[in-house]
Amino acid sequence: MSKTAHFFLNLLFIAGSFTAVFSQNQKIKASSVSHFSTDADEFSGYDSFGYSYQIKNNVFSKTKDKEVFEYKNVSLGKITKVDLQNPLKIVLFYEDFNSVVLLDNQLNKVTEINFSLNNTPIVVSAIGMSTQNQLWIFNALNQQISLFDYLKNEYKTVSTPLIETIKYYQTYFNTFYWIDKKNNWFSCDIFGKTTALGKVADFDAIEIINNHQYLFSKANLLYFKDITSTNSNAFSEIEILEKSFDKFYYKDQILSIFTAKEITNYKIVTP
């Protein structure tokens, strides 16, 4: 190889390395918009009406200004997951008792379902609100994603059995997202169409925005990732004031950071 060719190859290598490093170090400015103290054990999120939801001593509550609504069910044990997609029909999942409770907007119980009593054997390990009076369900017995009509008590399987263990899942009305233990990311729609979306970064916690964007935390740093970026290694660090945090929550460009004593809400604009 000539000296000239070698020189240009070096230039290309340096330019490529610079691009990769730059793309990994892009910053997203987070502007604090509100901040308040809390003694909750877990922050569950906000709804579009401005109510916040939290859990304290296994009591689920909804607050806004001086309004407070509460729900507790000591017979079902610990609340495993809260789904706030429809604030008029909130889903509380009690995994230890294989049960789910649906609440109205004042946290009155509308429906309680014990899946162990169903005619079809169901052991729920993932659940979320879907469309048309249906719940997304991952049945641990057959390793399949299903839909359960809670008014008609009808159960139907929509996916083939999953090969790998689910590490994380998140549901929207029309989509069940999951990440397996190898960090592969998939989606399944209500008709059973399953799509491989790629591989996600190693994470401590993660929140899926849509089928190509997600937020994740690693070692108390928070990042935004778009898998459609031309640079597959590109991600953006989100600059927040907290040096450590227990949980983050994202909705409509508002990023909520939950610590043991306070919640800070930031406005962020993703690339």
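The values are calculated or read from the model by the stated rules, or taken from the named source; none is laboratory data. Owing to the predicted nature of the structure, the values given are computational and were not obtained by experimental measurement. A quick note on method: Cβ atoms are made from the backbone with ideal geometry, for glycine too, and the neighbour counts reach across all protein chains shown. Please note that ligands, DNA and RNA were not included when accessible areas were found on the heavy atoms of the full protein model with its side chains. Shrake-Rupley method; radii C 1.70, N 1.55, O 1.52, S 1.80 Å.
Summary of computed values
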| quantity | calculated |
| --- | --- |
| Enumeration of residues in the range 215-233 that are of a type in the set (S, T, N, Q) and open to solvent by 50 Å² or more (accessible area, probe 1.4 Å) | ASN220, THR228, THR230, SER232, ASN233 |
| The range 154-166 - residue that is aliphatic (A, V, I, L, M), in a loop (DSSP other than H, G, I, E, B) and surrounded by 12 or more Cβ atoms within 10 Å (Cβ to Cβ) and, of those, farthest from the chain's Cα centre (by Cα) | VAL158 |
| Scan of the range 72-115 for residues that are over 20 Å from the mean Cα position of the chain (by Cα), in a loop (DSSP other than H, G, I, E, B) and of a type in the set (D, E, K, R), ordered by number | LYS72, ASP104 |
| Residue check for TYR214: part of a strand (DSSP E or B), without any contact (Cβ under 8 Å) to a residue 40 or more places away in the chain and among the aromatic types (Phe, Trp, Tyr) | yes |
| Residue within the range 14-32 that is under 27 Å from GLU237 (Cβ atoms), modelled with pLDDT of 50 or more, open to solvent by less than 50 Å² (accessible area, probe 1.4 Å) and small (Gly, Ala, Ser) present | yes |
| Selection from the range 126-143 of residues that are closer than 16 Å to ASN98 by Cα and not aliphatic (A, V, I, L, M) | GLY128, TRP136, PHE138, ASN139, ASN142, GLN143 |
| Unique residue being touching a residue at least 60 places away in the same chain (Cβ under 8 Å), of a type in the set (Val, Ile, Thr) and open to solvent by 30 Å² or more (accessible area, probe 1.4 Å) when the list is ILE263, ILE254 | ILE254 |
| One residue from ASN114, ASN119, ASN142 being open to solvent by 30 Å² or more (accessible area, probe 1.4 Å), modelled with pLDDT under 95 and either under 26 Å from GLU70 (Cα atoms) or not hydrophobic (A, V, I, L, M, F, W, C) (or both) | ASN119 |
| Test result for PHE191, open to solvent by 20 Å² or more (accessible area, probe 1.4 Å) and not in a strand (DSSP E or B) | yes |
| Odd one out for LYS62 among (1) over 23 Å from ASP252 (Cβ atoms); (2) buried (at least 20 other Cβ atoms within 10 Å of the Cβ) | (1) |
| Total residues in the range 117-153, condition part of a loop (DSSP other than H, G, I, E, B) and closer than 15 Å to ILE166 by Cα | 5 |
| Unmet criterion (only one of (1) touching a Pro at 6+ places or on another chain (Cβ under 8 Å); (2) open to solvent by 30 Å² or more (accessible area, probe 1.4 Å); (3) not polar (S, T, N, Q)) for HIS212 | (1) |
| Given (1) touching a Phe, Trp or Tyr at 6+ places or on another chain (Cβ under 7 Å); (2) of a type in the set (S, T, N, Q); (3) at pLDDT below 95, number of the condition THR195 does not satisfy | (3) |
| Evaluation of GLY198 against (1) more than 22 Å from GLN85 (Cβ to Cβ); (2) part of a strand (DSSP E or B); (3) open to solvent by less than 30 Å² (accessible area, probe 1.4 Å); (4) not aromatic (Phe, Trp, Tyr) (one fails), failing number | (3) |
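Rundown of residues vs (1) over 18 Å from LYS167 (Cα atoms); (2) small (Gly, Ala, Ser); (3) modelled with pLDDT of 95 or more; (4) in contact with a Cys (Cβ under 8 Å, 6 or more places away or on another chain), yes/no style:
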site	(1), (2), (3), (4)
ASP204	no, no, yes, no
ILE208	no, no, yes, no
LEU215	no, no, yes, no
TYR223	yes, no, yes, no
ALA234	yes, yes, no, no
ASP246	yes, no, no, no
ILE254	yes, no, no, no
ALA260	yes, yes, no, no
THR270	yes, no, no, no
